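Read through the structure below, which is laid out as C-alpha coordinates, and then see the notes.
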Amino acid sequence: MICNGEIHFPEHMRVAIVGAGPAGLGVARVLRDLAIPDVWVLERGQIGHNILNWPAGTRLLTPSFPGNVFGLTDLNAISYDSSPGWSLGCEHPDGAAYAQYLEHAATAFDINVQCGMDVRALRPKGERFALVTERGTFTADFVIWACGHFGAPSDGGLPGAELARHYGRVRRWEDIPGDAVYVIGGYESGIDAAIGLAQAGKEAIVLDRGAPWLDRDKDPSRSLSPYTLQRLETGQKDPPITLLPDADVIALEQDADGIHILASDGRSWLSDGPPILATGFGSGTAPVSEWFDYDPDGLPILTPQDESAALPGLFLVGPEVSHDGYLFCFIYKFRQRFAVVARAIAARMGVDTSALEIYYENNMFLDDLSCCEDDKCL
Amino acid sequence: MAPSRVLVAFDQRVNAQMTHGLCANGNPGSRLSLQTAGDPGDIGFGIWGDFEATGA
(Lines give C-alpha, C1' and ligand atoms only; values in the text may rest on other atoms or scores of the structure.)
Protein backbone atom coordinates (compact mmCIF):
# COMPACT_ATOMS: atom_id res chain seq x y z
CA MET A 1 0.00 0.00 0.00
CA ILE A 2 1.43 3.33 -1.06
CA CYS A 3 -0.06 6.24 0.85
CA ASN A 4 0.22 9.87 -0.11
CA GLY A 5 -1.25 12.71 1.91
CA GLU A 6 -3.33 11.26 4.73
CA ILE A 7 -1.56 9.18 7.35
CA HIS A 8 -2.52 5.55 7.13
CA PHE A 9 -0.11 3.80 9.44
CA PRO A 10 -0.58 3.02 13.13
CA GLU A 11 0.96 5.01 15.95
CA HIS A 12 3.13 2.00 16.75
CA MET A 13 4.97 -0.12 14.19
CA ARG A 14 7.00 -3.26 14.66
CA VAL A 15 9.57 -2.01 12.15
CA ALA A 16 9.91 1.52 10.78
CA ILE A 17 12.10 1.92 7.70
CA VAL A 18 13.09 5.50 6.99
CA GLY A 19 13.57 6.19 3.29
CA ALA A 20 11.81 4.71 0.25
CA GLY A 21 14.77 4.34 -2.07
CA PRO A 22 16.32 1.07 -3.22
CA ALA A 23 17.69 0.29 0.25
CA GLY A 24 14.50 0.93 2.20
CA LEU A 25 12.23 -0.87 -0.23
CA GLY A 26 14.70 -3.72 -0.65
CA VAL A 27 14.93 -4.49 3.05
CA ALA A 28 11.15 -4.10 3.34
CA ARG A 29 10.74 -6.82 0.73
CA VAL A 30 12.90 -9.21 2.76
CA LEU A 31 10.90 -8.50 5.91
CA ARG A 32 7.75 -9.18 3.91
CA ASP A 33 9.16 -12.55 2.83
CA LEU A 34 9.62 -13.33 6.53
CA ALA A 35 5.98 -12.37 7.15
CA ILE A 36 6.97 -9.82 9.77
CA PRO A 37 3.88 -7.69 10.40
CA ASP A 38 3.47 -3.95 10.83
CA VAL A 39 6.42 -2.92 8.70
CA TRP A 40 6.18 0.59 7.28
CA VAL A 41 8.46 2.58 5.03
CA LEU A 42 8.37 6.28 5.89
CA GLU A 43 9.39 8.62 3.07
CA ARG A 44 9.72 12.40 3.35
CA GLY A 45 8.93 12.97 -0.33
CA GLN A 46 7.93 10.33 -2.81
CA ILE A 47 9.30 6.91 -3.68
CA GLY A 48 12.81 7.33 -5.07
CA HIS A 49 12.92 10.92 -3.80
CA ASN A 50 16.69 11.41 -3.99
CA ILE A 51 16.99 9.57 -7.29
CA LEU A 52 14.32 11.78 -8.81
CA ASN A 53 16.52 14.75 -7.95
CA TRP A 54 19.47 13.53 -10.00
CA PRO A 55 20.53 15.90 -12.77
CA ALA A 56 18.75 15.17 -16.03
CA GLY A 57 20.88 12.77 -18.01
CA THR A 58 22.45 11.06 -15.00
CA ARG A 59 22.03 7.32 -15.16
CA LEU A 60 22.83 4.29 -13.04
CA LEU A 61 26.47 3.36 -13.53
CA THR A 62 25.91 -0.36 -13.25
CA PRO A 63 24.23 -2.06 -16.20
CA SER A 64 20.85 -3.71 -15.92
CA PHE A 65 20.34 -7.03 -17.66
CA PRO A 66 17.63 -9.60 -16.95
CA GLY A 67 19.85 -12.58 -16.16
CA ASN A 68 17.58 -13.57 -13.28
CA VAL A 69 16.40 -16.80 -14.81
CA PHE A 70 20.00 -18.07 -14.70
CA GLY A 71 20.48 -16.92 -11.13
CA LEU A 72 22.31 -13.78 -12.23
CA THR A 73 20.12 -11.10 -10.74
CA ASP A 74 20.05 -7.75 -12.50
CA LEU A 75 22.74 -5.63 -10.82
CA ASN A 76 20.28 -2.82 -10.13
CA ALA A 77 17.43 -4.96 -8.83
CA ILE A 78 16.32 -4.59 -5.23
CA SER A 79 14.98 -8.14 -5.16
CA TYR A 80 16.20 -11.44 -6.58
CA ASP A 81 13.08 -11.80 -8.68
CA SER A 82 12.85 -8.47 -10.46
CA SER A 83 14.85 -6.64 -13.09
CA PRO A 84 14.76 -2.93 -13.88
CA GLY A 85 16.48 -3.79 -17.14
CA TRP A 86 13.55 -5.95 -18.21
CA SER A 87 10.82 -3.82 -16.68
CA LEU A 88 12.12 -0.55 -18.11
CA GLY A 89 13.66 -1.89 -21.31
CA CYS A 90 16.79 0.05 -20.45
CA GLU A 91 20.37 -0.89 -19.55
CA HIS A 92 21.31 2.29 -17.67
CA PRO A 93 18.08 3.79 -16.29
CA ASP A 94 17.96 7.48 -15.46
CA GLY A 95 16.54 8.74 -12.18
CA ALA A 96 12.94 9.01 -13.34
CA ALA A 97 12.94 5.55 -14.86
CA TYR A 98 14.55 3.91 -11.86
CA ALA A 99 12.10 5.63 -9.51
CA GLN A 100 9.32 4.16 -11.62
CA TYR A 101 10.83 0.71 -11.17
CA LEU A 102 10.93 1.29 -7.41
CA GLU A 103 7.31 2.39 -7.30
CA HIS A 104 6.22 -0.62 -9.32
CA ALA A 105 8.24 -2.88 -7.03
CA ALA A 106 6.61 -1.39 -3.93
CA THR A 107 3.19 -2.02 -5.43
CA ALA A 108 3.90 -5.51 -6.72
CA PHE A 109 5.50 -6.60 -3.44
CA ASP A 110 2.70 -5.02 -1.41
CA ILE A 111 5.06 -2.93 0.68
CA ASN A 112 3.52 -0.35 3.01
CA VAL A 113 4.88 3.08 2.16
CA GLN A 114 3.79 6.32 3.79
CA CYS A 115 4.95 9.29 1.71
CA GLY A 116 5.21 12.85 2.99
CA MET A 117 6.57 11.71 6.34
CA ASP A 118 9.82 13.47 7.24
CA VAL A 119 11.51 11.81 10.22
CA ARG A 120 13.46 14.61 11.85
CA ALA A 121 14.71 12.94 15.00
CA LEU A 122 14.86 9.63 16.76
CA ARG A 123 14.75 8.97 20.49
CA PRO A 124 14.94 5.78 22.51
CA LYS A 125 11.72 5.31 24.46
CA GLY A 126 11.98 2.42 26.84
CA GLU A 127 12.30 -0.72 24.74
CA ARG A 128 11.04 1.20 21.73
CA PHE A 129 11.97 4.12 19.51
CA ALA A 130 10.12 7.39 19.12
CA LEU A 131 10.22 8.83 15.62
CA VAL A 132 9.66 12.55 15.60
CA THR A 133 8.01 13.98 12.50
CA GLU A 134 6.25 17.21 11.65
CA ARG A 135 3.03 15.21 11.68
CA GLY A 136 3.45 13.81 15.14
CA THR A 137 5.53 11.30 17.06
CA PHE A 138 5.26 7.59 16.32
CA THR A 139 6.89 4.57 17.89
CA ALA A 140 8.54 1.42 16.57
CA ASP A 141 10.24 -1.65 18.03
CA PHE A 142 13.01 -1.46 15.43
CA VAL A 143 14.19 1.28 13.11
CA ILE A 144 16.06 0.75 9.85
CA TRP A 145 17.66 3.92 8.54
CA ALA A 146 17.70 3.86 4.75
CA CYS A 147 18.34 7.44 3.70
CA GLY A 148 20.82 7.86 0.86
CA HIS A 149 23.42 10.57 0.94
CA PHE A 150 22.51 12.27 -2.35
CA GLY A 151 20.28 14.54 -0.31
CA ALA A 152 23.27 15.74 1.74
CA PRO A 153 25.70 17.52 -0.62
CA SER A 154 29.07 18.31 0.93
CA ASP A 155 31.38 21.14 -0.06
CA GLY A 156 34.26 19.54 1.81
CA GLY A 157 34.78 22.71 3.82
CA LEU A 158 36.13 24.57 0.78
CA PRO A 159 36.45 28.30 1.58
CA GLY A 160 34.23 30.29 -0.78
CA ALA A 161 32.10 27.25 -1.60
CA GLU A 162 29.03 29.46 -1.53
CA LEU A 163 30.23 30.93 -4.84
CA ALA A 164 29.82 27.54 -6.51
CA ARG A 165 26.92 25.21 -7.19
CA HIS A 166 27.02 21.66 -5.92
CA TYR A 167 26.45 18.84 -8.40
CA GLY A 168 23.65 17.57 -6.19
CA ARG A 169 21.77 20.86 -6.65
CA VAL A 170 21.83 20.82 -10.45
CA ARG A 171 18.71 19.71 -12.27
CA ARG A 172 19.53 20.58 -15.90
CA TRP A 173 22.99 21.27 -17.29
CA GLU A 174 21.47 23.60 -19.88
CA ASP A 175 20.59 25.95 -17.02
CA ILE A 176 24.19 26.45 -15.90
CA PRO A 177 25.37 29.89 -17.10
CA GLY A 178 28.43 30.35 -19.29
CA ASP A 179 29.99 28.66 -22.29
CA ALA A 180 32.88 27.24 -20.28
CA VAL A 181 32.30 25.75 -16.81
CA TYR A 182 34.83 24.57 -14.24
CA VAL A 183 34.13 21.39 -12.33
CA ILE A 184 35.95 20.83 -9.04
CA GLY A 185 36.41 17.12 -8.45
CA GLY A 186 37.04 14.36 -10.97
CA TYR A 187 35.32 11.29 -9.58
CA GLU A 188 31.99 9.98 -10.77
CA SER A 189 29.89 13.08 -10.16
CA GLY A 190 32.58 15.38 -11.57
CA ILE A 191 32.92 13.44 -14.80
CA ASP A 192 29.14 13.08 -15.04
CA ALA A 193 28.90 16.87 -14.69
CA ALA A 194 31.50 17.39 -17.41
CA ILE A 195 29.70 15.05 -19.80
CA GLY A 196 26.36 16.68 -19.02
CA LEU A 197 27.82 20.12 -19.66
CA ALA A 198 29.38 18.99 -22.93
CA GLN A 199 26.08 17.53 -24.05
CA ALA A 200 24.52 20.90 -23.22
CA GLY A 201 27.00 22.53 -25.58
CA LYS A 202 29.37 23.85 -22.93
CA GLU A 203 33.09 23.41 -22.53
CA ALA A 204 33.95 21.66 -19.26
CA ILE A 205 37.24 21.91 -17.39
CA VAL A 206 37.65 19.35 -14.60
CA LEU A 207 40.08 20.13 -11.78
CA ASP A 208 41.19 17.38 -9.42
CA ARG A 209 43.98 17.07 -6.90
CA GLY A 210 44.88 13.71 -8.45
CA ALA A 211 43.86 12.02 -11.66
CA PRO A 212 41.01 9.63 -10.80
CA TRP A 213 40.25 9.12 -14.49
CA LEU A 214 43.56 7.21 -14.67
CA ASP A 215 42.99 5.14 -11.51
CA ARG A 216 42.19 1.51 -12.32
CA ASP A 217 41.57 0.26 -8.78
CA LYS A 218 39.97 -3.17 -8.93
CA ASP A 219 37.24 -2.06 -6.52
CA PRO A 220 34.64 -0.19 -8.60
CA SER A 221 33.76 1.83 -5.49
CA ARG A 222 37.14 3.50 -5.75
CA SER A 223 37.62 4.11 -9.46
CA LEU A 224 35.54 5.39 -12.34
CA SER A 225 33.05 2.89 -13.68
CA PRO A 226 33.50 1.42 -17.17
CA TYR A 227 30.29 3.19 -18.14
CA THR A 228 31.74 6.56 -17.14
CA LEU A 229 35.05 5.89 -18.86
CA GLN A 230 33.17 4.91 -21.99
CA ARG A 231 31.03 8.06 -21.87
CA LEU A 232 34.14 10.14 -21.29
CA GLU A 233 35.90 8.59 -24.25
CA THR A 234 33.05 9.35 -26.60
CA GLY A 235 31.95 12.62 -25.05
CA GLN A 236 34.99 14.85 -24.87
CA LYS A 237 35.31 15.88 -28.51
CA ASP A 238 33.22 18.96 -29.23
CA PRO A 239 32.81 20.96 -27.14
CA PRO A 240 35.82 19.64 -25.35
CA ILE A 241 36.16 18.20 -21.86
CA THR A 242 39.52 19.14 -20.38
CA LEU A 243 40.86 17.07 -17.50
CA LEU A 244 43.43 18.87 -15.34
CA PRO A 245 45.24 16.59 -12.84
CA ASP A 246 47.20 17.74 -9.78
CA ALA A 247 44.93 20.76 -9.36
CA ASP A 248 44.40 20.93 -5.61
CA VAL A 249 41.70 23.56 -5.22
CA ILE A 250 41.88 25.26 -1.83
CA ALA A 251 39.55 28.25 -2.12
CA LEU A 252 37.20 30.28 -4.27
CA GLU A 253 37.30 34.07 -4.28
CA GLN A 254 35.22 36.61 -6.16
CA ASP A 255 36.09 40.05 -7.50
CA ALA A 256 34.91 42.26 -10.34
CA ASP A 257 36.54 39.96 -12.91
CA GLY A 258 34.71 36.84 -11.80
CA ILE A 259 35.31 33.87 -9.53
CA HIS A 260 38.93 32.88 -8.96
CA ILE A 261 39.62 29.21 -8.34
CA LEU A 262 42.79 28.98 -6.28
CA ALA A 263 45.08 25.95 -6.10
CA SER A 264 47.60 25.03 -3.43
CA ASP A 265 50.54 25.33 -5.86
CA GLY A 266 49.74 28.98 -6.62
CA ARG A 267 47.88 28.46 -9.87
CA SER A 268 44.45 29.97 -10.36
CA TRP A 269 41.67 29.88 -12.91
CA LEU A 270 39.10 32.60 -13.61
CA SER A 271 35.50 31.49 -13.99
CA ASP A 272 32.75 33.69 -15.38
CA GLY A 273 30.02 31.82 -13.54
CA PRO A 274 29.69 29.50 -10.57
CA PRO A 275 31.94 26.45 -10.77
CA ILE A 276 30.37 23.05 -10.16
CA LEU A 277 31.35 21.38 -6.91
CA ALA A 278 31.74 17.64 -7.33
CA THR A 279 33.10 17.30 -3.83
CA GLY A 280 30.94 14.44 -2.66
CA PHE A 281 28.14 14.01 -0.21
CA GLY A 282 27.74 13.98 3.53
CA SER A 283 26.03 11.26 5.50
CA GLY A 284 22.39 10.37 5.06
CA THR A 285 22.41 9.58 8.77
CA ALA A 286 22.71 13.27 9.74
CA PRO A 287 19.24 13.50 11.35
CA VAL A 288 20.17 10.62 13.66
CA SER A 289 23.91 11.20 13.91
CA GLU A 290 23.76 11.28 17.71
CA TRP A 291 22.88 7.57 17.59
CA PHE A 292 25.80 6.46 15.45
CA ASP A 293 29.52 6.45 16.07
CA TYR A 294 31.65 7.27 13.03
CA ASP A 295 35.04 6.14 11.79
CA PRO A 296 37.73 8.63 10.67
CA ASP A 297 36.29 8.56 7.14
CA GLY A 298 32.90 9.63 8.46
CA LEU A 299 31.26 6.25 7.90
CA PRO A 300 28.93 4.87 10.58
CA ILE A 301 30.44 2.16 12.77
CA LEU A 302 28.24 -0.91 12.60
CA THR A 303 27.99 -4.28 14.25
CA PRO A 304 28.26 -7.41 12.07
CA GLN A 305 24.44 -7.18 11.76
CA ASP A 306 24.67 -3.59 10.41
CA GLU A 307 23.25 -2.28 13.65
CA SER A 308 24.36 0.94 15.27
CA ALA A 309 27.17 0.23 17.69
CA ALA A 310 25.80 3.08 19.82
CA LEU A 311 22.09 2.24 19.86
CA PRO A 312 20.87 -1.38 19.59
CA GLY A 313 17.73 -1.76 17.53
CA LEU A 314 18.74 0.93 15.06
CA PHE A 315 20.00 -0.59 11.79
CA LEU A 316 21.51 0.93 8.67
CA VAL A 317 21.02 -0.20 5.08
CA GLY A 318 22.25 1.38 1.89
CA PRO A 319 25.39 2.87 0.37
CA GLU A 320 26.96 3.97 3.65
CA VAL A 321 27.28 0.44 4.96
CA SER A 322 30.95 -0.50 5.26
CA HIS A 323 32.97 -3.12 7.05
CA ASP A 324 36.73 -3.20 7.47
CA GLY A 325 37.27 -0.64 4.73
CA TYR A 326 34.99 -2.32 2.22
CA LEU A 327 32.22 -0.13 0.86
CA PHE A 328 28.81 -1.46 -0.08
CA CYS A 329 28.01 1.62 -2.10
CA PHE A 330 26.42 0.12 -5.21
CA ILE A 331 22.97 -1.45 -5.25
CA TYR A 332 24.39 -4.86 -6.11
CA LYS A 333 26.62 -4.57 -3.05
CA PHE A 334 24.36 -3.16 -0.37
CA ARG A 335 21.41 -5.37 -1.30
CA GLN A 336 23.46 -8.32 -0.07
CA ARG A 337 23.07 -6.97 3.46
CA PHE A 338 19.27 -6.66 3.51
CA ALA A 339 18.86 -10.26 4.61
CA VAL A 340 21.49 -9.80 7.33
CA VAL A 341 19.43 -7.03 8.90
CA ALA A 342 16.16 -8.90 8.38
CA ARG A 343 17.56 -12.04 10.00
CA ALA A 344 18.73 -10.10 13.06
CA ILE A 345 15.31 -8.52 13.54
CA ALA A 346 13.49 -11.80 12.89
CA ALA A 347 15.64 -13.61 15.42
CA ARG A 348 14.75 -11.11 18.14
CA MET A 349 11.08 -11.50 17.29
CA GLY A 350 11.30 -15.27 17.31
CA VAL A 351 10.33 -15.45 13.62
CA ASP A 352 11.38 -18.42 11.48
CA THR A 353 14.06 -17.37 8.98
CA SER A 354 14.03 -20.36 6.64
CA ALA A 355 12.49 -18.12 3.97
CA LEU A 356 15.87 -16.47 3.63
CA GLU A 357 17.38 -19.53 1.96
CA ILE A 358 16.43 -18.19 -1.45
CA TYR A 359 18.54 -15.12 -0.74
CA TYR A 360 21.60 -17.33 -0.33
CA GLU A 361 20.74 -19.10 -3.57
CA ASN A 362 20.60 -15.80 -5.43
CA ASN A 363 23.76 -14.17 -4.01
CA MET A 364 21.66 -11.75 -2.01
CA PHE A 365 22.86 -12.74 1.45
CA LEU A 366 26.44 -11.83 2.27
CA ASP A 367 26.87 -12.63 5.95
CA ASP A 368 30.42 -13.95 5.85
CA LEU A 369 32.68 -10.98 5.35
CA SER A 370 35.83 -13.05 5.55
CA CYS A 371 35.59 -13.44 1.78
CA CYS A 372 36.23 -9.70 1.49
CA GLU A 373 39.79 -10.31 2.61
CA ASP A 374 40.50 -11.61 -0.89
CA ASP A 375 38.19 -9.08 -2.54
CA LYS A 376 35.96 -11.92 -3.61
CA CYS A 377 32.79 -10.39 -2.30
CA LEU A 378 33.20 -7.01 -3.90
CA MET B 1 2.65 -30.17 -13.62
CA ALA B 2 6.12 -29.42 -12.21
CA PRO B 3 6.91 -25.91 -11.06
CA SER B 4 8.84 -23.88 -13.58
CA ARG B 5 10.60 -20.57 -13.42
CA VAL B 6 8.55 -18.04 -15.25
CA LEU B 7 8.19 -14.32 -15.58
CA VAL B 8 4.95 -12.77 -14.50
CA ALA B 9 4.40 -9.47 -16.24
CA PHE B 10 2.35 -6.60 -14.90
CA ASP B 11 0.96 -3.59 -16.68
CA GLN B 12 2.09 -0.02 -16.11
CA ARG B 13 -0.14 0.38 -13.07
CA VAL B 14 0.96 -2.96 -11.61
CA ASN B 15 -2.66 -3.80 -10.97
CA ALA B 16 -3.24 -6.19 -13.84
CA GLN B 17 -1.12 -9.15 -14.74
CA MET B 18 -0.33 -9.55 -18.37
CA THR B 19 0.81 -12.52 -20.29
CA HIS B 20 4.39 -13.12 -21.14
CA GLY B 21 4.49 -16.82 -21.67
CA LEU B 22 2.94 -18.13 -18.50
CA CYS B 23 0.93 -15.68 -16.47
CA ALA B 24 -0.49 -15.78 -12.98
CA ASN B 25 -4.11 -15.30 -12.10
CA GLY B 26 -4.62 -13.19 -9.02
CA ASN B 27 -1.74 -12.10 -6.85
CA PRO B 28 1.96 -12.87 -7.36
CA GLY B 29 2.64 -16.44 -6.39
CA SER B 30 -0.79 -17.69 -7.36
CA ARG B 31 -1.30 -20.67 -9.61
CA LEU B 32 -0.72 -20.14 -13.26
CA SER B 33 -2.52 -20.67 -16.47
CA LEU B 34 -1.70 -19.80 -20.02
CA GLN B 35 -3.52 -16.75 -21.23
CA THR B 36 -3.79 -14.72 -24.36
CA ALA B 37 -0.88 -12.37 -24.81
CA GLY B 38 -1.36 -8.72 -23.95
CA ASP B 39 0.33 -5.69 -25.49
CA PRO B 40 4.06 -5.81 -24.65
CA GLY B 41 4.07 -2.02 -24.79
CA ASP B 42 1.97 -1.92 -21.64
CA ILE B 43 4.41 -3.95 -19.56
CA GLY B 44 5.57 -2.07 -16.48
CA PHE B 45 7.05 -4.65 -14.16
CA GLY B 46 7.98 -8.30 -14.00
CA ILE B 47 8.58 -10.89 -11.30
CA TRP B 48 10.48 -14.12 -11.82
CA GLY B 49 9.34 -17.06 -9.77
CA ASP B 50 8.98 -20.79 -9.56
CA PHE B 51 5.28 -21.26 -10.09
CA GLU B 52 3.21 -24.33 -10.67
CA ALA B 53 1.43 -24.14 -14.01
CA THR B 54 -2.09 -25.54 -14.03
CA GLY B 55 -3.26 -25.61 -17.56
CA ALA B 56 -2.71 -24.88 -21.20
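The values are calculated or read from the model by the stated rules, or taken from the named source; none is laboratory data. Computed from a predicted model, the values in this text were never measured in an experiment. Neighbour counts run over all protein chains shown; Cβ positions are idealised from the backbone, glycine included. The accessibility values were calculated without ligands, DNA or RNA, using every heavy atom of the protein model including side chains. Shrake-Rupley method; radii C 1.70, N 1.55, O 1.52, S 1.80 Å.
How much accessible area per residue does chain A have, in Å², with a 1.4 Å probe?
That works out to 42 Å² for each residue.
Per-residue ellipticity at 222 nm from helix content only, as computed over chain A with -39500 (n - 2.57) for each DSSP H run of at least four residues, stands at -5500 deg cm²/dmol. Close amide-amide hydrogen proximity is noted between A:ALA121 and A:VAL132, each under 5 Å apart and 5 or more residues distant or on a separate chain (H modeled in the peptide plane; Pro and chain starts excluded). Put a dot 7 Å past the Cα of A:HIS12, heading toward its Cβ, do the same for A:ASN363, and the two dots end up 4.3 nm apart. Going 7 Å from the Cα of A:ARG348 toward and past its Cβ, which residues in the stretch A:113-130 have a backbone nitrogen under 13 Å from where you end up? Those under the cut-off are A:124-130. The value obtained for the stretch A:152-231, namely the Cα convex hull volume divided by the number of residues, is 109 Å³ per residue.
Mean-square fluctuations from a GNM of chain A, with a 10 angstrom spring cutoff on Cα atoms, peak among A:GLY67, A:GLY318, A:GLY148 at A:GLY67. Residue order by solvent-accessible surface for A:HIS260, A:HIS166, A:HIS8 is A:HIS8, A:HIS260, A:HIS166, largest first, with ligands and nucleic acids left out and a 1.4 Å probe. Mind telling me which of A:ALA108, A:ALA180, A:ALA16 comes out most flexible in a GNM of chain A, alpha-carbon contacts under 10 Å? In this elastic network of chain A, the residue with the biggest mean-square fluctuation among A:ALA108, A:ALA180, A:ALA16 is A:ALA108. Kirkwood analysis of the Cα pair distances in the stretch A:9-142 returns a hydrodynamic radius of 15.6 Å.
Using a 1.4 Å probe on the protein heavy atoms, what percent of the accessible area of chain A belongs to carbon and sulfur?
Carbon-and-sulfur percentage of accessible area, whole number: 48.
A dipole drawn for the protein assembly as shown from +1 and -1 charges on Cβ atoms has a positive end, and of A:SER322, A:TRP213, A:ALA140 the residue lying farthest that way is A:ALA140. If only the Cβ of Lys and Arg carry +1 and only the Cβ of Asp and Glu carry -1, the dipole of the protein assembly as shown around its Cα centre is close to 900 debye. Counting only protein chain heavy atoms and rolling a 1.4 Å probe, the accessible areas of A:TYR294, A:TYR332, A:TYR98 rank, largest first, as A:TYR294, A:TYR332, A:TYR98. Burial annotation for the stretch A:71-96: residues with an accessible-area loss of at least 50 Å² between the isolated chain and the complete set of protein chains, computed on heavy atoms with a 1.4 Å probe, are A:ASP81, A:TRP86, A:SER87. The interface between chain B and chain A buries about 1300 Å² of solvent-accessible area in total (1.4 Å probe, ligands and nucleic acids excluded).
Rounded to the nearest 10 square angstrom, A:LEU52 shows an accessible area of 60 square angstrom against a 1.4 Å probe. Gyration tensor analysis over the Cα atoms of the stretch A:170-321 returns equivalent ellipsoid semi-axes of 33, 19, 15 Å (largest first, whole Å).
Return the long-range amide H neighbours of A:GLY160 (sequence gap of 5 or more, or a different chain), with a cut-off of under 5 Å between placed amide H atoms. Counting only residues 5 or more places away or on other chains, the set is A:LEU252.
In what order, largest first, do A:MET117, A:MET1, A:MET349 sit by accessible area if the probe radius is 1.4 Å?
Output order, biggest surface exposure first: A:MET1, A:MET349, A:MET117.
Working note: Karplus 6.51/-1.76/1.60 with θ = phi - 60° gives the stretch A:3-11 the couplings 10, 10, x, 4, 7, 10, 9, x, 5 Hz, where Gly and Pro are set to x. Couplings 3J(HN,Hα) of the stretch A:295-311, computed from phi: 7, x, 8, x, 8, x, 8, 10, 6, x, 9, 6, 9, 4, 6, 9, 9 Hz, in residue order, whole Hz [Karplus 6.51 cos²θ - 1.76 cosθ + 1.60, θ = phi - 60°; x for Gly and Pro]. For the stretch A:36-96, the spread of Cα positions along the three principal axes, ordered from largest to smallest, is 37, 35, 15 Å.
In the protein assembly as shown, Rg over Rh equals 0.99, where Rg is the alpha-carbon radius of gyration and Rh the Kirkwood radius from pairwise Cα distances. Applying the Karplus relation 6.51 cos²θ - 1.76 cosθ + 1.60 with θ = phi - 60° to the stretch A:147-157 yields 3J(HN,Hα) values of 8, x, 9, 4, x, 10, x, 10, 9, x, x Hz, where x marks Gly and Pro.
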